[in-house]
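Asker: This is the structure I have questions about; it appears just below.
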Amino acid sequence: MSAFQNIGVVGAGMMGSEIALVFALGGHPTLISDQSRDAAERAVERLHGVLDRGLPRGFWTAEAAEGARRNLTVVDGLDAYGDRDLVIEAVFEDEAMKRGVFQRLDAILAPRAGIASNTSSISITTLSAAVSETRRQRFVGTHFFSPVSRMRLVEVIPAADSDPGFVQAVSDALIAIGKGPIRVKDVVGFAVNRLLHALVIESIRLVEEGVCSPADIDQACKLGLGHPIGPFELMDNTQNSLSLSVHEILHRAYGERFLPQPLLRQMVAAGYNGRKAGRGWHRYGENGKRI
Ligand SMILES: NC(=O)c1ccc[n+]([C@@H]2O[C@H](COP(=O)([O-])OP(=O)(O)OC[C@H]3O[C@@H](n4cnc5c(N)ncnc54)[C@H](O)[C@@H]3O)[C@@H](O)[C@H]2O)c1
């Protein structure tokens, strides 16, 4: 039995909506809100579409899908979160905006309730400083991976003052909804982005040196290393400008080994930003399909 029954999610974008979905599928009554009710309603409609399609097969039963529809509730804003046991924040990656959300939640939530942030690059300890000393014990980072309904990993990142019992309870709640959490220290990039972007940067170096083409490196990673997608395909899907900004953050924190590569800068400056732009490391047709 999870220590957290009632869940709240703040931010109904790509991550927040799917985070709400996995908790709802796990049997938790889940409130979701965004900057406007409309935005949150559109997100929940999309989630109903995901449940209708029944994809990805095998990830949930028809019964869980029915339960999820009942468990997901759109609300106008944070005032409705007073009875939540755990609230996960997934608003824009903007420190001031996130701090504002945490301060409001701190004032609204019961003392026993916890707060989790899905930030990908801001220090969890820094964010926890936005709330009262007592709430800091019940504040943690939960870094989910996209698409959340398929990717089982969650990096669980304690802040300096997090209570170990609370952190364990959050990990247990994640396991109970089918996730595989790992414990990670509050360092820049956490663990997975450091691993991933070490590979991405070395892949770009291989192309710069003329050792391999992007298509061949994608193939090497898929057929030789068992990755589901190659690094150039991944960059194209998530936009090259995002990879560049992650490399800049990692470079500031760790120096030389994450130096953004000139070829990536050139691609971004040229507007070859990836799938949405029609051109990145690969080319894409009108329908977004690779050509
Ligand atoms: N996209 C990813 O792959 C990924 C992976 C891990 C973590 N993250 C992190 O998750 C967070 C959300 O990312 P996303 O990709 O879902 O972004 P997104 O832009 O798709 O969604 C953010 C949502 O938050 C809403 N929002 C903004 N301010 C708000 C406020 N004050 N109150 C309520 N809602 C508000 C926006 O309207 C938007 O719908 C970011 O911190 C991001 O760094 C993203």
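The values are calculated or read from the model by the stated rules, or taken from the named source; none is laboratory data. Remember, it's a predicted structure, so these values are computed and weren't measured experimentally. A quick note on method: Cβ atoms are made from the backbone with ideal geometry, for glycine too, and the neighbour counts reach across all protein chains shown. Side chains included, ligands, DNA and RNA excluded: accessible areas come from the protein's heavy atoms. Shrake-Rupley method; radii C 1.70, N 1.55, O 1.52, S 1.80 Å.
Asker: When you go through (1) free of Cβ contacts under 8 Å to residues at least 40 places away in the same chain; (2) in a helix (DSSP H, G or I) one by one for Thr125, which number turns out not to apply?
Answerer: (1)
Asker: I would also like to ask the following. Name the pairs: first residue in segment 138-163 and not assigned by TED's automatic domain parsing to the domain that holds Gly26, second residue at pLDDT 95 or above and not in a strand (DSSP E or B), Cβ to Cβ under 7 Å, at least 6 apart or on different chains?
Answerer: From segment 138-163, no pairs qualify.
Asker: Which one of these is away from the ligand (no atom under 11 Å from the Cβ) and surrounded by 14 or more Cβ atoms within 10 Å (Cβ to Cβ): Ala68, Ala110? Full working, then the answer.
Answerer: Numbers: Ala110 fails: surrounded by 14 or more Cβ atoms within 10 Å (Cβ to Cβ).
None of the other options fit; the residue is Ala68.
Asker: Looking only at segment 160-185, how many residues end up being part of a loop (DSSP other than H, G, I, E, B), open to solvent by less than 40 Å² (accessible area, probe 1.4 Å), more than 16 Å from Val87 (Cα to Cα) and touching a strand residue (DSSP E or B) at 6+ places or on another chain (Cβ under 9 Å)?
Answerer: Residues of segment 160-185 part of a loop (DSSP other than H, G, I, E, B): 160-163, 177-179, 184-185.
Filter once more, keeping what is open to solvent by less than 40 Å² (accessible area, probe 1.4 Å): 162, 177-179, 184.
Then drop every residue that is not more than 16 Å from Val87 (Cα to Cα), which leaves 178-179, 184.
From what's left, touching a strand residue (DSSP E or B) at 6+ places or on another chain (Cβ under 9 Å): 179, 184.
Qualifying residue count, segment 160-185: 2.
Asker: Might you check whether a residue that is of a type in the set (Ser, Thr, Tyr), under 19 Å from Arg84 (Cβ atoms) and open to solvent by less than 60 Å² (accessible area, probe 1.4 Å) occurs anywhere in segment 196-210? Step through it out loud before you land on a result.
Answerer: Quick first cut of segment 196-210, residues of a type in the set (Ser, Thr, Tyr) only: 203.
From the residues that got through so far, the ones that are under 19 Å from Arg84 (Cβ atoms) too are none.
Checked against the condition, which is being of a type in the set (Ser, Thr, Tyr), under 19 Å from Arg84 (Cβ atoms) and open to solvent by less than 60 Å² (accessible area, probe 1.4 Å), segment 196-210 yields no hits at all.
Asker: Let me ask another. Looking only at residues that are part of a loop (DSSP other than H, G, I, E, B) and touching a residue at least 40 places away in the same chain (Cβ under 8 Å) in segment 88-105, which one is least open to solvent (accessible area, probe 1.4 Å)? Show your work before the answer.
Answerer: As a first pass, look at segment 88-105 and keep what is part of a loop (DSSP other than H, G, I, E, B): 90-94.
From the residues that got through so far, the ones that are touching a residue at least 40 places away in the same chain (Cβ under 8 Å) too are 90-92.
On the way: Ala90: 18, Val91: 35, Phe92: 130 Å².
The selected residue is Ala90.
Asker: When segment 1-34 is examined, which residues are found to be assigned to a strand (DSSP E or B) and hydrophobic (A, V, I, L, M, F, W, C)?
Answerer: First pass over segment 1-34, keeping only residues assigned to a strand (DSSP E or B): 7-10, 30-33.
Ile7, Val9, Val10, Leu31, Ile32 - these are the residues of segment 1-34 that are assigned to a strand (DSSP E or B) and hydrophobic (A, V, I, L, M, F, W, C).
Asker: Further question on the same structure: Looking only at helices (runs of 4 or more DSSP H) that fall completely inside segment 220-279, which ones have 2 or more residues that are of a type in the set (D, E, K, R)? If you could, list the steps in order and put the result at the bottom.
Answerer: On the way: elements: 231-238, 240-254, 262-269.
In segment 220-279, 231-238, 240-254 are the helices (runs of 4 or more DSSP H) which contain 2 or more residues that are of a type in the set (D, E, K, R).
Asker: Provide a single number: the residues in segment 128-149 that are of a type in the set (Val, Ile, Thr) and either in a helix (DSSP H, G or I) or away from the ligand (no atom under 11 Å from the Cβ) (or both).
Answerer: 3
Asker: Now for a different question. Would you point out the residue of segment 6-36, among those that are farther than 27 Å from Gly165 by Cα and open to solvent by 10 Å² or more (accessible area, probe 1.4 Å), that is nearest to the ligand (Cβ to nearest atom)? Let's see the steps before the verdict.
Answerer: Taking segment 6-36 and keeping what is farther than 27 Å from Gly165 by Cα, we get 12-14, 17, 33-36.
Remaining after also requiring open to solvent by 10 Å² or more (accessible area, probe 1.4 Å): 13-14, 34-36.
On the way: Gly13: 2, Met14: 4, Asp34: 4, Gln35: 4, Ser36: 8 Å.
Among residues in segment 6-36 that are farther than 27 Å from Gly165 by Cα and open to solvent by 10 Å² or more (accessible area, probe 1.4 Å), the one nearest to the ligand (Cβ to nearest atom) is Gly13.
Asker: Suppose we filter Ala62, Ala39, Ala3 for residues that are more than 10 Å from the ligand (Cβ to nearest atom), of a type in the set (A, V, I, L, M, F, W, C), surrounded by fewer than 20 Cβ atoms within 10 Å (Cβ to Cβ) and over 18 Å from Val154 (Cβ atoms); which single one remains? Give the steps one after another, and end with the answer.
Answerer: Values: Ala39 fails: more than 10 Å from the ligand (Cβ to nearest atom); Ala3 fails: over 18 Å from Val154 (Cβ atoms).
Answer to the check: Ala62.
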